[in-house]
Amino acid sequence: MIRAEIAALLAFVDKLDPSRAPQSRPAAGERLEQWAILLEHVPATAQHPEGRHWDVSQVAARHFAKSPYPIKPSDIGAPWETYRADVVGRHHDPAPAVDPDDEAAYRAALRRTRQAVAIGALPPAPQLAIEGAVSPVRAQRDADAKRILAELGSYVPTTVNERLAPLRPQRAQRERLAAAGRPDPLTVECVACGATAGTPCRIRRIVPGSDAVSFRPMSGPHPSRVEAAAAHHSNHQQEPAA
């Protein structure tokens, strides 16, 4: 506040509490000088971003309403520091438009910006999230995972699907591989047993006492099928996304 604003504040204070007003011009001048020095950094008014504006006369009035003691400069300065900390706490310093190697100028610019925010001359600057661009490889992997999961299909809620996972280990494994962007052996045919894409590898089973031959599913794929799936996955990853 400038001296004229301090003088207006003191006149308002004397109106609220005439019994404690200075009785001589020298005493009034001495009080004005003291308050001007101690409250030079405190504005008369300030705009709060949420509408709780600062008004020094209202602060003085609240003091008289709550305290039986004479008002002092600290009864104005302390509430201002609380108000200022609340407003500046909502502000996240953007980089000042000064040479960052000039430390003194950099700090001075930060102080000016914070003071402007505190008195409502500038709105608080929001904190910006750091966003990184998704790499083409990651984007392609995510797209492949979504495609494979869509092909696998789902007609039950996720929670039910998770409970069914132990009963459908091969499907659960395929879903895990797709989500992790890893090669799925069941996406290619198996040259070892002739299993088509989407079906598990199989092993021949001879029925004792007859010439009948049947097949039973294996718990895991043949190594050659795993290698073929890895090669297919690698080639697909190298292709440019459409």
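Relative contact order of the stretch 28-90, taken over Cα pairs closer than 8 Å and 6 or more residues apart, is 30 percent.
As a calculated quantity, the FRET efficiency between A97 and A192 at R0 = 51 Å, using C-beta atoms, amounts to about 0.15. Diffusion coefficient (Stokes-Einstein, Kirkwood radius over C-alpha pairs, 20 °C, 1.002 mPa s) for the stretch 81-129: 190 µm²/s, rounded to a whole number. Classify the stretch 1-137 as rounded, prolate or oblate, taking a ≥ b ≥ c as the square roots of the eigenvalues of its Cα gyration tensor: rounded when a/c is under 1.5, otherwise prolate if a/b is larger than b/c and oblate if not. Since a/c reaches 1.5 and a/b is larger than b/c, the shape of the stretch 1-137 is classed as prolate. Once backbone amide H atoms are built at 1.01 Å from N, F215 has R205 as its partners under 5 Å, excluding neighbours fewer than 5 places away on the same chain. Stretching A105 away from A125 to a fully extended chain increases their span by 5.2 nm, per 0.36 nm per residue minus the current alpha-carbon distance. Taking amide H as placed 1.01 Å from N in the peptide plane, R202 has its amide H under 5 Å from the amide H of A195, M218, each at least 5 places away in sequence or on another chain.
Surface composition of the stretch 1-65: carbon plus sulfur atoms contribute 55% of the solvent-accessible area (1.4 Å probe, protein chains only, all chains present). For the pair A7 and D142, the difference between a 0.36 nm per residue extended length and the Cα-Cα distance amounts to 41.8 nm. The slack in the chain from Q115 to S67, taken as 0.36 nm per residue of separation less the alpha-carbon distance, amounts to 14.3 nm. Couplings for the stretch 41-47, taken from phi via the Karplus curve 6.51 cos²θ - 1.76 cosθ + 1.60 with θ = phi - 60°, read 7, 9, x, 6, 9, 7, 9 Hz in order; Gly and Pro are left as x. Ligands, DNA and RNA aside, F215 has an accessible area near 100 Å² when probed at 1.4 Å.
The values are calculated or read from the model by the stated rules, or taken from the named source; none is laboratory data. Note that this is a predicted model, so its numbers are computed, not measured. No Cβ is skipped: glycine too gets one built from the backbone with ideal geometry, and neighbour counts run over all protein chains shown. Ligands, DNA and RNA are stripped out before the accessible areas are found, and what is left, the full protein with its side chains, is counted by its heavy atoms. Shrake-Rupley method; radii C 1.70, N 1.55, O 1.52, S 1.80 Å.
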